[in-house]
Amino acid sequence: MQQILLIGDIQDLQENIGELLEMNGYEVITAPNGREGISLAEAQQPDIILCEMNMKGIDGLGVLNLVRKNPDLEKVPFIFIAEKYNARLFRSAMNLGADDYLINPFSNNDLLLTVENRLRQYRREMVDMSNTSTVSGHRDMLRLVNEFIENRNTMVLAPQEIVYKEGGVPRFLYYVLKGKVKTIKTHEDGKDLVIGLYKKGDFFGYIALLEDTPYKATAMVMEETELALIPREDAEKILENAPYMLKRFVRMLAENVTEKEQRLLGIAYNTLRKKVASALIHLQNKYQQPGTQQFTIKISRDELAAVAGTATESLIRTLSEFKSEQLIKVSNGNITLLKPDKLEAIAFH
């Protein structure tokens, strides 16, 4: 029996839609919000995901972004359900890799046909993948990544060391074996803006390689970090001979562009509290280890201000407010998120 995951707090989603799908032979599991939906998706690995677009906390786009970054879920069909059409959200959903977008009200027949079509296409893709000599399913994708980085030269960098500078010519594709890396743009007034965050298991530096342009940002490590270096010529040969790897990098590029658009819009138009809350949630989504109850990160106030896109002095005042509201705990340079759901509500609503 094929399993469908429903994510959202719309009563109609969990009752009428869930009942309709069960009556048509599907096993249905449900999650009331984005955070629980992501956990359930990782644990159950459903055949298809139906997700509400507008939710408290992590919204539909946040769920999709995290799902598509998981190698075990990146190909699972993902269908949005929205109360009304929004051109910006629709474009963001498609850029992130959504498979379909249903607008309420829709008929039972529309829902069932959409689900059936997406599952049929998914099965066909899985068969195609299993019949190729390059990749055979998601586990072989991990094998291919390991081959990609195997026997490469590595380097270990201390906190704040530069990996490459804006304007430099790309000579390597980088893979994070351990640690954290950020990419930054420096304004003419000397202030930094963090535009990318990378952790263990992430590639970076691929945008300049794919576009065949100089680096458009500076890469700097945030803590002691070990990197694998794949020479440009080797990376290009592997991508030419492994279409699935190329597809992965194109998807990462699309996700990167969409994420930057959303963050820059937030920095331009959000209130100070929204900027800081959004930065904390962004760090949590990127760096929280699976199975941990609370997220704690050691980060300087200047670095956090660069992630949030605000002045350090303003950031410190806002952190003090969050601390007095018992949303965070600050100790010896560490920040612990005590109430991430409330921070998400500040950030996204």
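The values are calculated or read from the model by the stated rules, or taken from the named source; none is laboratory data. Small disclaimer: the values here were computed from a predicted structure and weren't measured. Cβ sites come from the backbone with ideal geometry, for glycine too, and all protein chains shown count toward neighbours.
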Can you report the number of residues in the range 82-112 which are surrounded by 12 or more Cβ atoms within 10 Å (Cβ to Cβ), of a type outside the set (S, T, N, Q) and out of contact with any Ser or Thr (no Cβ under 8 Å at 6 or more places or on another chain)?
16
Residues that are among the aromatic types (Phe, Trp, Tyr): find the strands (runs of 3 or more DSSP E) completely inside the range 268-338 holding 1 or more of those.
295-298
Pro71 fails exactly one of (1) in contact (Cβ under 8 Å) with a residue 12 or more places away in the chain; (2) in contact with a strand residue (DSSP E or B) (Cβ under 8 Å, 6 or more places away or on another chain), namely (2)
Mind checking whether some residue in the range 143-151 is modelled with pLDDT of 90 or more, among the aliphatic types (A, V, I, L, M) and not assigned by TED's automatic domain parsing to the domain that holds Pro71?
no
Any residue at all in the range 74-85 that is touching a Leu at 6+ places or on another chain (Cβ under 6 Å) and modelled with pLDDT under 90?
no
Restricting to the range 39-52, what's the tally of residues that are surrounded by fewer than 23 Cβ atoms within 10 Å (Cβ to Cβ) and within 15 Å of the chain's Cα centre (by Cα)?
2
